[in-house]
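The values are calculated or read from the model by the stated rules, or taken from the named source; none is laboratory data. Please read all numbers here as calculations on a predicted model, not as lab measurements. For neighbour counting, all protein chains shown are included, and Cβ atoms are generated from backbone atoms with ideal geometry for every residue, glycine included.
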Amino acid sequence: MNKKAKSRTELCSGTGKKILVAMSGGVDSSVAAALLLRQGYEVAGAFMVNYDSADDGRFGECWRNDYRDAARVAAKLGIPLFKLDFKKEYEKKVLAYMFAEYKKGRTPNPDVLCNKFIKFGVWLEKAKELGFDKLATGHYARLGREIRSSKHEIRNKLQNPNYKLLEAKDKDKDQTYFLHQLNQEQLKYVLFPIGDYKKTEVRKIAKKFNLPTADRAESMGICFVGEVPMKEFLSKKIKLKKGDIISSTGEILGKHDGLAFYTIGQRHGFKAVLEKKGAESRPLYIVDKNYNTNELVVGFENDPLFYKKQAEAGEINWISGQKPKLPLKCQVRLRHRQPLQNVQLFEKNGKISIHFTNKQKAVTPGQFAVFYLPHGKNSVCLGGGVIK
């Protein structure tokens, strides 16, 4: 490994000597383990079983192939690999929340809750229990630190680091959106070894280490559940509740199976509904949901209902632990990989009122609004909350 790559790893290594790497069987966590091992840390891997779809026999097992690949990487690197079971915790803290939100007609983001409560919650606690100093993952994100010292602390030579969550070098892969619910106590014990690398560089490093996962494809789908038909998966807990599909002008176009099974911005299948009515043949999108009347509202892409000038977010997590002075001009991301949008934040009735500089398309209740401020060449993630 060249000196430049080595120095980048050292910047994110912190002070811990014993590192537990959460190994998913993918190339990113494999390289994270390899980089830390090369730096001389005492490294062990851990594969976490969080969901076993074989329990209901409907979707096929999702973790066994991942575990096989993680084991192959651990053997290649010569490190131990723990296999830990967190299925009960995942069911209680992530899946229960996900089903509850869908039942209300909202569209949650289980990956955010998975990071908060599972990966950097029960996983982190287990890492500490096993005697490790840090938990490392293959997330594309970076950590920064500022030293806050009060007069009393200076006299006693004590320093209190404030951890900042920074965008990754690879902006297309950046995962700070999914990490915005973390707090100072969690960030104190975590590492993101690949945050200073682009995905192409990670692939090259994997090949240099001859890792079995070097060419493995990206994983998709629900966190730890995998690629499953969402409607079928939700049907395990949510009953069909048919209602009218209406146009934004009030015309009844057809029937839907339940607001829970549809997402604002979705368009699949609605063009056919419109064509049956003999109207203009353009794709239709879900632009709104009427919860009181159980109506699904659809319109064209340029429909005014599709665009919002303001939104509200609640259950806000500020990563610093302190709410910034409001009003605040900053930037927001309403979904993963969305370009940052300029906004101004206000406080209103205990919630954050978000005023967009430019109207935003498909603002989706249940998803997260994540706030950022410029920080040199990157942006620092301030935190965020649930869109109401």
| query | Among the residues of region 335-388, how many are surrounded by 15 or more Cβ atoms within 10 Å (Cβ to Cβ), of a type in the set (G, A, S) and either over 20 Å from Y307 (Cβ atoms) or under 13 Å from the mean Cα position of the chain (by Cα) (or both)? | reply | 5
| request: Keeping to region 161-197, report how many residues are within 14 Å of the chain's Cα centre (by Cα) and of a type in the set (K, R). | output: 1
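Which ones in region 202-216 are more than 21 Å from D111 (Cβ to Cβ) and either part of a loop (DSSP other than H, G, I, E, B) or touching a helix residue (DSSP H, G or I) at 6+ places or on another chain (Cβ under 8 Å) (or both)?
Within region 202-216, R203, I205, A206, F209, N210, L211, P212, A214, D215 meet the criteria.
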| remark: Of the residues in region 211-230, those that are modelled with pLDDT of 80 or more and not aliphatic (A, V, I, L, M) come to P212, T213, D215, R216
| task | Determine, yes or no, whether K377 is within 23 Å of M98 (Cα to Cα), outside the structural domain of Q266 (by TED's automatic domain parsing) and at pLDDT below 95. | result | no
| task | For region 311-334, enumerate the residues that are surrounded by 13 or more Cβ atoms within 10 Å (Cβ to Cβ), aliphatic (A, V, I, L, M) and within 20 Å of K164 (Cβ to Cβ). | result | I316, I319, L328, V332
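Filter region 252-262 down to the residues that are crowded, with 17+ Cβ neighbours inside 10 Å and under 17 Å from P229 (Cβ atoms) and list them by number.
Taking region 252-262 and keeping what is crowded, with 17+ Cβ neighbours inside 10 Å, we get 253, 256, 258-262.
Selection gives H256, G258, A260, F261, Y262.
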| message | What's the total number of residues in region 167-223 that are surrounded by fewer than 16 Cβ atoms within 10 Å (Cβ to Cβ), under 23 Å from V370 (Cα atoms) and of a type in the set (A, V, I, L, M, F, W, C)? | response | 1
| message | I need every pair where a residue in region 337-350 that is modelled with pLDDT under 95 has its Cβ under 9 Å from the Cβ of a residue that is exposed (fewer than 15 other Cβ atoms within 10 Å of the Cβ) and not in a loop (DSSP other than H, G, I, E, B), sequence separation at least 6 or different chains. | response | G350/G314
